[in-house]
């Protein structure tokens, strides 16, 4: 039997062999009709018409760079393919991933809410419904960008003739370019391209204006503001005694304003300590009860008393010196003196004493502080079993000087722990108790009587 095409033509790339096999690789899509004849020398010829549809090759037509996705915003983009036999099925190829928060549906739709900024690359594969299945893959990229938004929503009041500085903030792709697009800034203020509103306002009143911000991608956002310039601030003060004792607690420090204002006043109250001890040293224990030497405050509008996050006490340490309180007003005057006090040098203070017997005698341990950071002499008086007393004294200036000049001592202020050891010839049990006196230039302190243990 011999086969041949007697009318029409097979799709380009295909041919019919004499044995009846239609073979080849079709090269042009379309519908093709042709008539086939089968003949032999012994039987009459037979003919039949056929039609073949050549589908276009499966192809991804979506460009590799997909539209940018807004961070934390809704996103949707469709991958598109042509050719093959629909319907198509889309999948991610192994080892690649979409930006966090996005998914790829089997229909080729990328959607979701991206949660991390950056540029992401992934590979997607599309399969058609032909048998055998055709598959094509492509690599794509999505850039997740932040939305340009002015996050500064209001401006603190300015103070006439006082330096003002406020950095405007925005989200987006840095760097940002800022500009005033309508209205007028208060006289004396300017806005830098970097978004810093600064200067010294010279006129009272309120000014309305609008600023715009443009990010590195060219996206723009704007925000309207009203900035009020208030009159100069009246005197600030804190009432403190002229002199404070070491380890004193001044409860409920109150910062007051001599006259109320229409707007709130915010700032920081700062403590500065200057040592006047014979061996000068800072004293970390001289601070506010918050554990810091700086605390924030707010004086509400139309009020005169500052409000702290919690009631504030002032704590003195154990070192002689001067304490100065100053106030820094936000967008206002700084280093405004509000109070000062003095911690005088005092005789040594003994806070604890123990006397412990040893094999050859006993040790006397004295714990205390000396605000002058100096102790010159120590005297010990012992009561004996027979009702008499005996005394010993000595110069301890060198021992205490070594301690106070050691940088390690600075963290303890003027506190000390001093041990005096005694060797006894004879019966140590004859010594019942001891009294200690410590002396410096400011005077002498006598301890309580302590029994030997």
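Taking the residues in the range 301-334 that are at pLDDT below 95 and over 27 Å from the mean Cα position of the chain (by Cα) as candidates, determine which candidate is nearest to residue 200 (Cα to Cα).
My answer is 333.
Looking at residue 371, is it farther than 13 Å from residue 418 by Cα, in contact with a strand residue (DSSP E or B) (Cβ under 8 Å, 6 or more places away or on another chain) and not in a loop (DSSP other than H, G, I, E, B)?
It is false that residue 371 is farther than 13 Å from residue 418 by Cα, in contact with a strand residue (DSSP E or B) (Cβ under 8 Å, 6 or more places away or on another chain) and not in a loop (DSSP other than H, G, I, E, B).
Within the range 73-104, how many residues turn out to be touching a residue at least 60 places away in the same chain (Cβ under 8 Å) and part of a loop (DSSP other than H, G, I, E, B)?
The number of residues fulfilling the criteria is 2.
Taking residue 74 and the conditions (1) touching a strand residue (DSSP E or B) at 6+ places or on another chain (Cβ under 7 Å); (2) under 30 Å from residue 146 (Cα atoms), which numbered condition does it fall short on, given that it satisfies the others?
Against the list (1) touching a strand residue (DSSP E or B) at 6+ places or on another chain (Cβ under 7 Å); (2) under 30 Å from residue 146 (Cα atoms), residue 74 comes up short only on (1).
Given the criteria under 40 Å from the mean Cα position of the chain (by Cα) and assigned to a loop (DSSP other than H, G, I, E, B), does residue 114 qualify?
yes
Specify which of the listed residues (108, 118, 84, 94) is outside the structural domain of residue 217 (by TED's automatic domain parsing), crowded, with 17+ Cβ neighbours inside 10 Å and over 30 Å from residue 4 (Cα atoms).
108
Would the range 409-416 turn up any residue that is within 26 Å of residue 361 (Cβ to Cβ), in contact with a helix residue (DSSP H, G or I) (Cβ under 9 Å, 6 or more places away or on another chain), free of Cβ contacts under 8 Å to residues at least 60 places away in the same chain and assigned to a strand (DSSP E or B)? Show your work before the answer.
Keep residues of the range 409-416 that are within 26 Å of residue 361 (Cβ to Cβ), which gives 416.
Next, from what is left, pick out any that are in contact with a helix residue (DSSP H, G or I) (Cβ under 9 Å, 6 or more places away or on another chain): 416.
Filter again for free of Cβ contacts under 8 Å to residues at least 60 places away in the same chain, leaving 416.
Filter once more, keeping what is assigned to a strand (DSSP E or B): 416.
There is at least one residue in the range 409-416 that is within 26 Å of residue 361 (Cβ to Cβ), in contact with a helix residue (DSSP H, G or I) (Cβ under 9 Å, 6 or more places away or on another chain), free of Cβ contacts under 8 Å to residues at least 60 places away in the same chain and assigned to a strand (DSSP E or B).
Pick from 272, 192, 226, 247: which is under 30 Å from residue 144 (Cβ atoms) and at pLDDT 95 or above?
Going through 272, 192, 226, 247 in turn, the sole match is 192.
Could you list all residues from the range 146-190 that are without any contact (Cβ under 8 Å) to a residue 60 or more places away in the chain and over 26 Å from the mean Cα position of the chain (by Cα)?
179, 180, 181, 182, 183, 184, 185, 186, 187, 188, 189, 190
So, in the range 374-408, how many residues would count as being part of a loop (DSSP other than H, G, I, E, B) and under 16 Å from residue 443 (Cβ atoms)? Explain how you work it out, then say what you get.
Initially, the range 374-408 is screened for residues part of a loop (DSSP other than H, G, I, E, B), giving 374-376, 385-388, 396, 406.
Of the ones still in play, those that are also under 16 Å from residue 443 (Cβ atoms) are 374-376, 396.
Going through the range 374-408 one residue at a time, the tally reaches 4.
Only one residue in 46, 38, 10 is more than 60 Å from the chain's Cα centre (by Cα) and free of Cβ contacts under 8 Å to residues at least 12 places away in the same chain, so which one is that?
Only one candidate passes the filter, namely 46.
Of everything in the range 381-390 that's out of contact with any helix residue (DSSP H, G or I) (no Cβ under 9 Å at 6 or more places or on another chain) and more than 14 Å from residue 420 (Cα to Cα), which residue is surrounded by the most Cβ atoms within 10 Å (Cβ to Cβ)?
Restricting to residues being out of contact with any helix residue (DSSP H, G or I) (no Cβ under 9 Å at 6 or more places or on another chain) and more than 14 Å from residue 420 (Cα to Cα), the top hit is 383.
Run residue 11 past the list (1) surrounded by fewer than 13 Cβ atoms within 10 Å (Cβ to Cβ); (2) not in a strand (DSSP E or B) and report the number of the one that doesn't hold.
That leaves (1) as the condition not met.
Give me a count of the residues in the range 55-72 that are closer than 20 Å to residue 30 by Cα and in a loop (DSSP other than H, G, I, E, B).
At the first step, the residues of the range 55-72 found to be closer than 20 Å to residue 30 by Cα are 55-61.
Still in the running and in a loop (DSSP other than H, G, I, E, B): 55-58, 61.
Of the residues in the range 55-72, 5 are closer than 20 Å to residue 30 by Cα and in a loop (DSSP other than H, G, I, E, B).
The values are calculated or read from the model by the stated rules, or taken from the named source; none is laboratory data. Everything numeric here is computed off the predicted structure, so don't read it as measured data. Positions of Cβ are generated from backbone atoms using ideal geometry, with glycine treated the same way; all protein chains shown enter the neighbour counts.
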